[in-house]
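Engineer: First the structure, which I've put down as structure tokens, then a few questions once you've had a look.
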Protein chains: 2
Amino acid sequence: MAVLFDLAAADGRRFSPHCWRTRMALAHKNLPCEARATRFTEIAFIADGHQKTVPVLDDDGKIVGDSWAIAEYLENTYPDKPSLFGGASGRALTLFVQDWAIATLHIGLINLIVLDIFLSLSPADKEYFRTSREKRFGRPLEEVQAGREERLPAFRQSLQPLRMLLSGQEWIGGEGPLYADYTVFAPFQWARLVSNFPLLEEDDIIRAWFERCLDLYDGLGRKAQMAG
Amino acid sequence: MAVLFDLAAADGRRFSPHCWRTRMALAHKNLPCEARATRFTEIAFIADGHQKTVPVLDDDGKIVGDSWAIAEYLENTYPDKPSLFGGASGRALTLFVQDWAIATLHIGLINLIVLDIFLSLSPADKEYFRTSREKRFGRPLEEVQAGREERLPAFRQSLQPLRMLLSGQEWIGGEGPLYADYTVFAPFQWARLVSNFPLLEEDDIIRAWFERCLDLYDGLGRKAQMAG
């Protein structure tokens, strides 16, 4: 069985958005895997020791890192399983959705929940995370997250293209979920697992889509432990 | 030959982003058309008189309005011609690109160039445009456009997903242009045709892609008259 090296918080919670992309992709392809708990500070010890980030997939000895590379590997290696992209054009357009998710959601969310992420980590990871992230932001994590209520309306507004799309179709992929759905689901799942901050309005159409995503594959996403 | 009712400025310039989507889609399908100059105030007289917006396509008596409906009509009616979407998944994902283009580009651009658009219109259209747009904005067009230099950095930042995508592939559609390219090209072409305001930095990768789009189909986009 394939092994997915999966980022884990102090209590075992699997919160990494990049890893969630891969977990959903493996489930979409109907490929069972062991999602092995990995701390930030354990990444250097995976397989050949050359991996710098998770997820890392060990598919019966074939080692693949980086969530997009893994998605391409799965699509090419298992072409008879359900497609993640829906063809070459779908693959190209999925990259646009992913770039949007990274530019809008990852960056938008980190500014809203970075301290919540920190608080969920194991002691060794806390030190690594605070040091690396404060270097990136140039200020304490507490300051990055401060005043988030005032920044929430702009974040919600930035989701408008997704809201427009989902007003006309159930999934980003159209009739059924595709990797494009997982790539947007993943950062929302990240936030759900480390933070209680209410990102979306109760009646936001994106919420209903997110609930549908949580239900996929026997509730794979929903079973993941939430922020307490 | 098909007739495309195409929005025209006072001097005949064809600036409507919605019409540009359709012109590029027709060229992609290798379908010749007469792009007939139509003023805002002439829309009510097209065909059966039930059309409220342009583009409107008259394909040998079959009347189709709305750029997305026209794209779907062309894809379904001419399946043996080059595909606009690349399959069902591509169609669904193209809608996300279009929703992003509308939420980010149309709304971002109108706030930067609305007065430039007004100034390009014919006298009768000027009155219609000012009245309808000032009602929508709740203030004079001059005020909407004022201070645009200060708002330019945020607009440029909002294009980051497109920039990320184009750093790895030539076209939004991947190896070649698809409707997804045209749906993003169209609002940039709109701006090019009515305004001299420098929207993008000289070395922005989006510029190189836009130039490639202008070259498509014997320079269809490039031949269109620019803002003087």
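The values are calculated or read from the model by the stated rules, or taken from the named source; none is laboratory data. Everything numeric here is computed off the predicted structure, so don't read it as measured data. No Cβ is skipped: glycine too gets one built from the backbone with ideal geometry, and neighbour counts run over all protein chains shown. Heads up: the accessible areas ignore ligands, DNA and RNA and are worked out on the full protein's heavy atoms, side chains in. Shrake-Rupley method; radii C 1.70, N 1.55, O 1.52, S 1.80 Å.
Engineer: Filter segment B:160-190 down to the residues that are charged (D, E, K, R) and facing another protein chain (nearest Cβ under 9 Å), then identify the one that is surrounded by the most Cβ atoms within 10 Å (Cβ to Cβ).
Structural biologist: Only one residue fits best here, namely B:Arg163.
Engineer: Of everything in segment B:45-101 that's free of Cβ contacts under 8 Å to residues at least 40 places away in the same chain and among the basic types (Lys, Arg), which residue is surrounded by the most Cβ atoms within 10 Å (Cβ to Cβ)?
Structural biologist: That would be B:Arg91.
Engineer: Right, another one. For segment A:116-153: of the residues being at pLDDT 95 or above and of a type in the set (A, V, I, L, M), which is surrounded by the most Cβ atoms within 10 Å (Cβ to Cβ)?
Structural biologist: Here the residue is A:Val144.
Engineer: What tally of residues in segment A:32-55 results from selecting those that are part of a strand (DSSP E or B) and in contact with a helix residue (DSSP H, G or I) (Cβ under 7 Å, 6 or more places away or on another chain)?
Structural biologist: So the answer is 2.
Engineer: With (1) within 13 Å of chain B (Cβ to nearest Cβ); (2) in contact (Cβ under 8 Å) with a residue 60 or more places away in the chain; (3) surrounded by fewer than 22 Cβ atoms within 10 Å (Cβ to Cβ) as the list, and A:Ala224 as the residue in question, which single condition is left unmet?
Structural biologist: Evaluating A:Ala224 over (1) within 13 Å of chain B (Cβ to nearest Cβ); (2) in contact (Cβ under 8 Å) with a residue 60 or more places away in the chain; (3) surrounded by fewer than 22 Cβ atoms within 10 Å (Cβ to Cβ) leaves (1) as the failure.
Engineer: Looking at the structure I just gave you, is A:Val64 at pLDDT 90 or above and assigned to a loop (DSSP other than H, G, I, E, B)?
Structural biologist: No: the conditions fail for A:Val64.
Engineer: Could you say which residue among B:Leu214, B:Leu199 is closer than 21 Å to B:Gln157 by Cβ and surrounded by 15 or more Cβ atoms within 10 Å (Cβ to Cβ)?
Structural biologist: Just one listed residue meets the conditions, B:Leu199.
Engineer: Hey, another quick one. Please name all residue pairs, on different chains or six or more residues apart, with Cβ atoms under 7 Å, provided the first residue is in segment B:108-122 and is farther than 25 Å from A:Pro161 by Cα and the second residue is of a type in the set (S, T, N, Q).
Structural biologist: Short answer, once both residue conditions are applied: B:Leu115/B:Gln145; B:Asp116/B:Ser195.
Engineer: Continuing with this model, one more query. If you check B:Gln157 against the conditions, is it within 13 Å of chain A (Cβ to nearest Cβ), open to solvent by 50 Å² or more (accessible area, probe 1.4 Å) and over 30 Å from B:Thr41 (Cβ atoms)?
Structural biologist: Yes, satisfied.
Engineer: If I filter segment B:1-29 down to residues being under 14 Å from B:Gln225 (Cα atoms) and within 9 Å of the chain's Cα centre (by Cα), which single residue comes out as surrounded by the most Cβ atoms within 10 Å (Cβ to Cβ)?
Structural biologist: Once the filter is applied, the top-ranked residue is B:Trp20.
Engineer: Right, another one. Mind checking whether some residue in segment A:87-105 is in a loop (DSSP other than H, G, I, E, B), more than 25 Å from A:Gly219 (Cα to Cα), within 14 Å of chain B (Cβ to nearest Cβ) and over 16 Å from the mean Cα position of the chain (by Cα)?
Structural biologist: Yes, there is a match, as at least one residue in segment A:87-105 is in a loop (DSSP other than H, G, I, E, B), more than 25 Å from A:Gly219 (Cα to Cα), within 14 Å of chain B (Cβ to nearest Cβ) and over 16 Å from the mean Cα position of the chain (by Cα).
Engineer: Here is a follow-up. Being within 14 Å of chain A (Cβ to nearest Cβ) and in a loop (DSSP other than H, G, I, E, B): is that true of B:Leu84 here?
Structural biologist: yes
Engineer: Run down B:Arg163, B:Arg139, B:Arg156 and say which single residue is among the basic types (Lys, Arg) and not in a helix (DSSP H, G or I).
Structural biologist: Every option except B:Arg139 fails the conditions.
Engineer: Filter segment A:30-44 for residues that are open to solvent by 20 Å² or more (accessible area, probe 1.4 Å) and aliphatic (A, V, I, L, M); which is farthest from A:Met1 (Cα to Cα)?
Structural biologist: A:Ala44
Engineer: Would it be correct to say that A:Asp48 is more than 30 Å from A:Gln160 (Cα to Cα) and not β-branched (Val, Ile, Thr)?
Structural biologist: yes
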